[in-house]
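Since every read-out is calculated from the coordinates, none of them should be taken as a lab result. Keep in mind it's a predicted model, so treat the numbers as computed, not measured. Heads up, the Cβs are rebuilt from the backbone with ideal geometry, glycines too, and the neighbour counts pull from every protein chain shown.
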Amino acid sequence: MTPKLKFSEVSLQELKAVVELHERDALASDWVEAVDVVLSDGDRQQLEHLRSRLVNEKLHLLNEATLWARAIYPLLILAERDTIRAWSEVPLQARYAKFDTEGIADGVLGRSVAGRLEAPYLIVAETKRGIENQNPLFQLYTQLLAAARLNWELDNLEPQEVFGCYTIADSWTFVRAEVKGLESDRPTLTVEGSKEYTEKNDAEIILQILKGIVSRREHNPSHESINRSRNR
């Protein structure tokens, strides 16, 4: 029977059984420092309004749905551009040669076509609380594998570059991933994380990173050629 990696249950051991995993320290994440995005006055005004609603909140006491609605999703919406849209509660399913992945992504920034998500560029995992809480990284890594496969089915580009982040209250930690050998029996997943950013102090940086990811994907030559071919 083909192993099935479920986002909400996957362990490090299960992940390493089907992929070659390489993790880089957050200090090596030069891709974050290279983000060069200038925020508009409108962006800054909306960020200030968002921050003013959060500054006096005891965010760690709010339930997950309220945190998502008040802190996380509004920033994703600010990163939208052209056909790139923010989505919540997105079912993702992908099949590799020797394993499957499936589950629900808390949030996604991706290209939308005719009211449906076509290409997931950024996956957001909201860290669950309680004694049964799982390490958010393994869940996020599995979601990134699913996103990479779905994007590869559209553009056949290898390696696939995809992005993710996990949130704890109003803190965001980003991950850049490269997936190679998408048709092999054992793909290679290389990931590098960022340091932690909090909305109360780093909202501008978070939005710049989000917008930088969107811009990075949209300026990928393979995606531009796909878009041109669809418009013929």
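Is the shape of region 1-109 best called rounded, prolate or oblate, per the rule: a/c under 1.5 gives rounded, else a/b larger than b/c gives prolate, else oblate, with a ≥ b ≥ c the square roots of the Cα gyration tensor eigenvalues? Note, shape of region 1-109 comes out prolate. Net charge dipole, the chain: roughly 480 debye, given to the nearest 20, about the Cα centre with Cβ charges of +1 for Lys and Arg and -1 for Asp and Glu.
Taking a ≥ b ≥ c as the square roots of the Cα gyration tensor eigenvalues, with a/c under 1.5 meaning rounded and otherwise prolate when a/b beats b/c, else oblate, which class fits the chain? Oblate shape, in that a/c is at least 1.5 and b/c is the bigger or equal ratio. A cut-off of 5 Å between modelled amide H atoms, ignoring neighbours fewer than 5 places along the same chain, links ALA125 with CYS165, TYR166, THR167. Remark: for residue pairs LYS6/LYS195; LYS128/LYS195; LYS4/LYS200; LYS98/LYS211; LYS180/LYS200; LYS4/LYS180, the C-alpha separation exceeds 31 Å in LYS4/LYS200; LYS98/LYS211; LYS180/LYS200. The ranking of PHE138, PHE174 from fewest to most other beta carbons within 10 Å of each one's beta carbon is PHE138, PHE174.
When the helices in the chain are scored as -39500 (n - 2.57) per DSSP H run of 4 or longer and the sum is shared across all residues, what 222 nm value do you end up with, to the nearest 500 deg cm²/dmol? Intermediate results must be reported in sequence, preceding the final value.
Values: 8 runs with 85 residues, N = 232.
Computed mean residue ellipticity for the chain: -11000 deg cm²/dmol.
Multiplying the residue separation of THR66 and ARG44 by 0.36 nm and removing their Cα-Cα distance gives an extension gain of 5.6 nm.
The amide H of TYR96, built 1.01 Å from its N in the peptide plane, has THR101 as neighbours under 5 Å, considering only residues 5 or more places off or on other chains. Each peptide in 82-92, 163-173, 197-207 receives the mean, over its residues, of other Cβ atoms within 10 Å, and ordering these scores from highest gives 163-173, 197-207, 82-92. Ranking TRP172, ALA119, ASN63 by Cα position along the charge dipole of the chain, where only Lys, Arg, Asp and Glu carry charges on their C-beta atoms, puts ALA119 farthest toward the positive end. DSSP beta bridges fully contained in region 4-230 are about 75 percent antiparallel.
How much net charge surrounds TRP172 when only other residues with a Cβ under 12 Å from its Cβ are counted (Lys, Arg +1; Asp, Glu -1)? Before the final figure, lay out the partial values.
Values: positive: LYS195, LYS200; negative: GLU126, ASP170, GLU196, GLU199, ASP202.
Net charge in that neighbourhood comes out at -3.
Please say if region 133-219 is rounded, prolate or oblate, where rounded means a/c under 1.5 for a ≥ b ≥ c the square roots of the C-alpha gyration tensor eigenvalues, and otherwise the choice is prolate for a/b larger than b/c and oblate otherwise?
The shape class here is oblate.
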